[in-house]
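Taking it in order: structure first as structure tokens, then the write-up.
The values are calculated or read from the model by the stated rules, or taken from the named source; none is laboratory data. Values in this document were obtained by computation on a predicted structure and should not be read as measured data. We place every Cβ from the backbone using ideal geometry, glycine too, and count neighbours over all the protein chains shown.
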């Protein structure tokens, strides 16, 4: 019944590979470091934790909130907003999203001028949408675990990005991690 937790933990743990691209590259060379990251994160990690969500959805259980039309509309809005943010971010960083390397350059324009981790921001929105569609305890636990994983992974990734991209240190000082700053207009 809780097999989804095992899948989530295995997938999230493997997904952390992107946080060690510098280390892999130093140890095994730049191409091998990128390959190891792709293998662990993209080929194993993401599919396994996504599978954990599928198992959680199919585990059933008592619903924590209603599943009426307002909840379904809200769920779709969160899922679409999350997908849009993720797609825009992926288009901005292109191949670096799938294959980070020690040769990467800082992307600080477009959506990356608003937040440092727009893919993670979009994933937060996706988690909310998933929960609104399937509001069971298993899905809630999965979404909370996913949120915690994103926060932890982001900290590890930032350490790696500081090593790979010297300008990243200044970027951190000027751009928020997950959600854009809302500035009040002054007249």
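Residue count for segment 13-57 satisfying the condition of being in a loop (DSSP other than H, G, I, E, B) and buried (at least 17 other Cβ atoms within 10 Å of the Cβ): 0. Selection of segment 141-153 for residues being surrounded by 16 or more Cβ atoms within 10 Å (Cβ to Cβ) and over 18 Å from residue 129 (Cα atoms) yields only 153. Within segment 45-71, residues that are over 13 Å from residue 3 (Cβ atoms) reach partners that are at pLDDT below 95 and surrounded by fewer than 13 Cβ atoms within 10 Å (Cβ to Cβ) with beta carbons closer than 8 Å, at six or more positions or on different chains, in the pairs 71/65.
When you check residue 116 against the structure, is it closer than 24 Å to residue 34 by Cβ, in a loop (DSSP other than H, G, I, E, B) and under 17 Å from the mean Cα position of the chain (by Cα), yes or no? It is true that residue 116 is closer than 24 Å to residue 34 by Cβ, in a loop (DSSP other than H, G, I, E, B) and under 17 Å from the mean Cα position of the chain (by Cα).
Mind telling me which of the residues 78, 124, 131 ends up being in a helix (DSSP H, G or I), out of contact with any strand residue (DSSP E or B) (no Cβ under 8 Å at 6 or more places or on another chain) and closer than 14 Å to residue 180 by Cβ? Criteria check complete, one pass: 124.
Exactly one residue among 92, 142 is farther than 20 Å from residue 159 by Cβ, part of a helix (DSSP H, G or I) and modelled with pLDDT under 95, and that residue is 92.
Out of 82, 122, 129, one residue alone is buried (at least 18 other Cβ atoms within 10 Å of the Cβ), modelled with pLDDT of 95 or more, over 27 Å from residue 166 (Cα atoms) and within 12 Å of the chain's Cα centre (by Cα). It is 82.
Being under 18 Å from residue 176 (Cα atoms) and more than 14 Å from the chain's Cα centre (by Cα), is that true of even one residue in segment 96-106? The answer is yes, given that some residue of segment 96-106 is under 18 Å from residue 176 (Cα atoms) and more than 14 Å from the chain's Cα centre (by Cα). Mind counting the residues in segment 158-187 that are touching a helix residue (DSSP H, G or I) at 6+ places or on another chain (Cβ under 6 Å), modelled with pLDDT of 90 or more, in a helix (DSSP H, G or I) and buried (at least 16 other Cβ atoms within 10 Å of the Cβ)? Residues that pass the stated criteria total 1. Taking every residue in segment 160-172 that is closer than 18 Å to residue 33 by Cβ and pairing it with any residue that is at pLDDT 90 or above and assigned to a loop (DSSP other than H, G, I, E, B), at least 6 positions away or on another chain, the pairs with Cβ-Cβ distances below 9 Å are 161/116; 168/116. Name the residue that is nearest to the chain's Cα centre (by Cα), counting only residues in segment 1-12 that are assigned to a helix (DSSP H, G or I) and surrounded by fewer than 16 Cβ atoms within 10 Å (Cβ to Cβ). Applying the filter and picking the extreme gives 9.
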